[in-house]
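Working notes, beginning with the structure itself.
Taken together, the values in this text are just the output of simple stated rules run on the coordinates, not laboratory data. For clarity, every value in this text was computed on a predicted model and none was experimentally measured. Cβ placement follows ideal geometry from the backbone for every residue including glycine, while neighbour counts extend to all protein chains displayed.
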Ligand SMILES: [Zn+2]
């Protein structure tokens with residue numbers, strides 16, 4: 001059995017009280033006997049609090065961004081609706097003007113009668129599509145029995 005020769009070196013630490021480097025592995029400084037980790041350790045409660053603060057910040061950012069986006073979308077929808085209404089009104093007025101301009105031109109209030117369309121279009125009624133009903137279905141029922149025993153008996 002071989003003993004492990006690679007021993008980890010002692011930690012190099014700086015005392016927070018006397019600022020001297022010590023290589024002692026103990027919890028206290030060998031020079032002034034002050035504790036190394038005195039109040040500098042992060043407790044799980046602090047960690048959870050930090051995570052909660054970050055999460056709340058991110059949520060607030062998302063909320064604000066959502067509000068801004070919603071306002072923008074609302075503004076855009078309102079703008080589009082206004083544009084659509086304006087164009088619709090313009091179209092209506094154009095149609096009205098066109099009708100007002102067209103009615104007196106064709107006579108004194110006579111509605112132009114539409115020309116009757118020819119309705120009797122000859123429809124070909126020749127049913128010459130042959131319906132093939134006799135579909136030849138090959139019914140091959142030839143069963144090949146490969147195990148055919150020879151019937152020739154050989155008698156001594
Ligand atoms: Zn010290």
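Annotations
- With R₀ fixed at 30 Å, the C-beta to C-beta distance from residue 89 to residue 68 puts the FRET efficiency at about 0.40.
- Rough spin-label spacing in nm, given labels placed 7 Å along Cα→Cβ, for residue 13 and residue 48: 2.7
- Share of Cα-Cα pairs in the stretch 26-67 lying beyond 13 Å, as whole percent: 67
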